[in-house]
Amino acid sequence: MSQNATPHYWRFSAFQRVLHGMVVVSFLGLALTGLPLRYSYTAWALTLSRWTGGFQTAGFLHRVCAVITFLYFGLHLAHIFHRAFVLKEKGLFWGPNSMVPQPKDIRDLYQHVLWFLGRGARPRFERYAYWEKFDYWAVFWGVAIIGASGLFLWFPEPLSTLFPGWVFNVATIVHSEEALLAVAFIFTIHFFNTHLRPEKFPMDPVMFTGRAREEEFAYDHPAEYDRVRKSGDLAKRLAEAPPVWLIKTARGLGFLALAIGLVLIVFIFAASFT
């Protein structure tokens, strides 16, 4: 069956996809401009800083990407507030459609390990699998911690009238180490789940297209698929197949992000262990 003949179903809204695009652009920009500052004693960092216009320009671009980060974080919080308190959406903070970790996620993790070892069946994931929730909360935590500490480094003079000097030393360490942890996680674990898993290789374009083929939907999230089908709501999520240009664009952007991330990971390991 061809790509266009296969039924597709919506998984992510346009708003969610736009926010994800902002995350991708800002995160790559922060990594490309922040890592050269951390590893300024290495040859690759000096070369990369020259490509971005020098350390001063890299610092400016780093702050631009930080603004984009604060913007999508604020938009996301406003969206959650609107859904919870204006639309009064049920199940947002608990239930099968929630991003909040629940006991089922622990059971799914345990069953997944057994499945990896050939000792059990593959778990039946709901709308969000446990590792997707982990990705979400890792970004949520990272933006809060890295963003807050970055503000101390961005505005030291006005904030120094409110906080003692040692806070800025702590902020410098927290900002650098937490950012390095975020880069290492995104460019290894998240990229594996997105690009390198056997069933998704060479990449999973669903976050760019917003929709998944029916067989992918039923395999990746069988509990959600069965629940929606039995409720009679499956037809409401029916979508047209994504256009070819969108799939090609998604793959191009995905491969570009993958290439940048893997190269930076190699440079980080080279700088850390040599």
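Report the gain in length on full extension from A78 to A259: 0.36 nm times residue separation, minus Cα-Cα distance, nm rounded to one decimal.
Working: separation 181, 0.36 × 181 = 65.16 nm, distance 3.30 nm.
Gain on extension, A78 to A259, equals 61.9 nm.
Taken along the Cα-to-beta-carbon direction at a fixed 7 Å, the label points for V113 and E240 span 4.7 nm. Stretching the chain fully between K200 and Q102 yields a gain of 32.7 nm (0.36 nm per residue, less the alpha carbon separation).
Scoring 27-37, 213-223, 244-254 by mean Cβ neighbours within 10 Å over their residues and listing the highest first yields 27-37, 213-223, 244-254. Computed over every Cα-Cα pair of segment 148-212 and binned at 10 Å starting from 0, the pair-distance distribution P(r) comes out as 19, 30, 18, 19, 13, 1 percent.
In order along segment 128-135, the phi-based Karplus estimate (6.51 cos²θ - 1.76 cosθ + 1.60, θ = phi - 60°) of 3J(HN,Hα) comes to 10, 6, 4, 6, 5, 5, 4, 4 Hz; Gly and Pro are listed as x.
State the percentage of accessible surface on segment 208-274 attributable to carbon and sulfur atoms; use a 1.4 Å probe and exclude ligands, DNA and RNA. If you can, show how the numbers build up before the last one.
Details: 2510 of 3780 Å².
For segment 208-274, the apolar C and S fraction of the accessible surface comes to 66 percent.
Is segment 76-201 rounded, prolate or oblate when judged by the Cα gyration tensor, a ≥ b ≥ c being the square roots of its eigenvalues, rounded requiring a/c under 1.5 and prolate requiring a/b larger than b/c? Here segment 76-201 falls in the oblate category. Computed on the Cα atoms alone, the convex hull of segment 92-163 gives a volume of 122 cubic angstrom per residue. Cα-based radius of gyration for segment 24-69, normalised by 2.2 N^0.38 Å, reads 1.04. Excluding same-chain neighbours fewer than eight residues apart, the lysines reachable from K104 by a Cα-Cα span under 18 Å are K133. Relative to the longest principal axis of the Cα atoms of the chain, the long axis of helix 55-81 lies at roughly 40 degrees.
Ranking of F185, F85 by solvent-accessible surface, largest first: F85, F185 (1.4 Å probe, protein heavy atoms only, all chains present).
Remark: segment 34-46, residue by residue, has Karplus-estimated 3J(HN,Hα) of x, 4, x, 6, 5, 10, 5, 7, 9, 5, 5, 5, 5 Hz, where x stands for each Gly or Pro and the curve is 6.51 cos²θ - 1.76 cosθ + 1.60 at θ = phi - 60°.
Over the chain, give the accessible area per residue in Å² for a 1.4 Å probe, as an integer. Display every interim value, and only then the final one.
On the way: 15750 Å² over 274 residues.
About 57 Å² of surface per residue is accessible.
For segment 170-263, the percent of C-alpha pairs falling in each 10 Å distance bin, counted from 0 to the bin holding the largest distance, reads 14, 35, 27, 17, 7, 1.
Over the residues of the chain, the helix contribution to mean residue ellipticity at 222 nm works out to -21500 deg cm²/dmol, using -39500 (n - 2.57) for each DSSP H run of at least 4.
For segment 234-274, what class follows from the C-alpha gyration tensor (a ≥ b ≥ c being the square roots of its eigenvalues): rounded when a/c is under 1.5, otherwise prolate if a/b is larger than b/c, else oblate? Oblate, because a/c is 1.5 or more while a/b does not exceed b/c.
Please work out how much length the chain gains when fully extended from V67 to W94, using 0.36 nm per residue of separation minus the C-alpha to C-alpha distance, in nm with one decimal. If you can, show how the numbers build up before the last one.
On the way: separation 27, 0.36 × 27 = 9.72 nm, distance 3.09 nm.
Gain in length upon complete extension: 6.6 nm.
Taking 10 °C and 1.306 mPa s as the conditions, I'd like the Stokes-Einstein D for the chain in µm²/s, using the Kirkwood hydrodynamic radius from alpha carbon pairs. Diffusion coefficient, whole number: 76 µm²/s. Which value in nm describes the separation of the simple spin-label points at D226 and A14, placed 7 Å from the Cα toward the beta carbon? According to this spin-label approximation, the distance is 3.5 nm. Segment 201-274 and segment 129-186 have Cα centres lying 28 Å from one another. Shape verdict for segment 1-83, please, from the Cα gyration tensor: rounded (a/c under 1.5), prolate (a/b greater than b/c) or oblate. In terms of gyration-tensor shape, oblate.
The values are calculated or read from the model by the stated rules, or taken from the named source; none is laboratory data. What you see is a predicted model, and the numbers here were worked out from it, not measured in a lab. In this analysis, Cβ positions are derived from the backbone assuming ideal geometry, glycine residues included, and neighbour counts consider all displayed protein chains. Heavy atoms of the whole protein, side chains included, go into the accessibility calculation; ligands, DNA and RNA do not. Shrake-Rupley method; radii C 1.70, N 1.55, O 1.52, S 1.80 Å.
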